[in-house]
Amino acid sequence: MKVLPRSGLWWGLLGVVAFSFTVPFTRVAVESGGLSALFIGSARAVVAAALAGAALLLTRQRLPRGTQWVRVAIVAGGVVVGFPLLTSYALTTASASHGAVVIALLPAATAVTAVLRVRERPPVVFWIMAAVGAAAAVGFAVGQGGLGGLHWSDALLFGAVLAAAIGYAEGGLLARELGAWQTVSWALVVSAPLMVVLTAVSVADHPLRATPMEWAAFAYLAVVSMYLGYFAWYRGLGLGPMTQVSQVQLVQPVLTLLWSALFLGEHLTWPTILGGLAVVACAGTVVRVRSR
């Protein structure tokens, strides 16, 4: 099949657009309390794992071998367990736009994690801009917190960024061996027993009484954010060039802020806009320095 020029960028952009709805729709799902944060964070993984298991069986994918299982578990801990659960709890109190600015640090955090994982030696400017980006994100969170400074939701968001960065970096390396969507699928399958237990606990503790809109948001999180979005994203990375496609992720926080304003009616203040631009600019510099 002939690959069109820049098709990798378009596939990558499609994946980023799919992921950009994750924070606003998580906020929609948890806002009224009809669905608990634990249910949203765990049950969406259970639905995605069912889809992943079916895809792996139908295509007869080979099993991971040896230490690959440990690496799959690391990916699962980051992107299947850590990020969804931490963001779900954080967004019970934090606004979607606030979460988008803090999570804008993710591309830079992923680049730093990948550098440490493969023992690269980037120039000093890489570490300077990574530190400036982290400081900008922390400064924004503190400024939004007023006299109280950082809140527990900020700690959860920063934890989610760290978890996703580890999962993305390890998943990117493992995808070279297992395949892109296969890596995510195995991560979902490996985490399924734990997520089923957590889902059962959440339902027993908090009976489900969500509105149709909340169920629709949950369905998107389970089917698209947790699984199908990775098909487009990793397809784009596979077509490449990877160094260019990976930078497309920098538009995700901008799109998330836009969806937060359009769908949730959140008022975008100048501190939020400037904070987002500062974090995105630093993340962009970090990703470009590593790409070179």
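Given the structure, is residue 192 surrounded by 15 or more Cβ atoms within 10 Å (Cβ to Cβ), closer than 12 Å to residue 46 by Cα and modelled with pLDDT of 90 or more? Please lay out each step first, then the result.
Values: surrounded by 15 or more Cβ atoms within 10 Å (Cβ to Cβ): yes; closer than 12 Å to residue 46 by Cα: yes; modelled with pLDDT of 90 or more: yes.
When the stated conditions are applied, residue 192 passes them.
Residue 191: hydroxyl-bearing (Ser, Thr, Tyr), in a helix (DSSP H, G or I) and touching a Lys or Arg at 6+ places or on another chain (Cβ under 9 Å), yes or no?
no
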Conditions (1) within 15 Å of the chain's Cα centre (by Cα); (2) aliphatic (A, V, I, L, M); (3) farther than 30 Å from residue 53 by Cβ: number failed by residue 141
(1)
Of these, 96, 155, 141, 163, which one is aliphatic (A, V, I, L, M) and at pLDDT below 85?
141
Among the helices (runs of 4 or more DSSP H) confined wholly to segment 203-287, which include 3 or more residues that are in contact with a Gly (Cβ under 9 Å, 6 or more places away or on another chain) and within 22 Å of residue 26 (Cβ to Cβ)?
229-239, 252-264
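Yes/no matrix, rows are residues, columns are (1) buried (at least 19 other Cβ atoms within 10 Å of the Cβ); (2) touching a helix residue (DSSP H, G or I) at 6+ places or on another chain (Cβ under 7 Å); (3) not in a helix (DSSP H, G or I):
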{"site": "86", "(1), (2), (3)": "yes, yes, no"}
{"site": "94", "(1), (2), (3)": "yes, yes, yes"}
{"site": "122", "(1), (2), (3)": "no, yes, yes"}
{"site": "126", "(1), (2), (3)": "yes, yes, no"}
{"site": "129", "(1), (2), (3)": "yes, yes, no"}
{"site": "137", "(1), (2), (3)": "yes, yes, no"}
{"site": "169", "(1), (2), (3)": "yes, yes, no"}
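The values are calculated or read from the model by the stated rules, or taken from the named source; none is laboratory data. A quick note: this is a predicted structure, and the numbers were derived from the prediction, not measured. Here the Cβ is made from the backbone with ideal geometry for all residues, glycine too, and neighbour counts use every protein chain on show.
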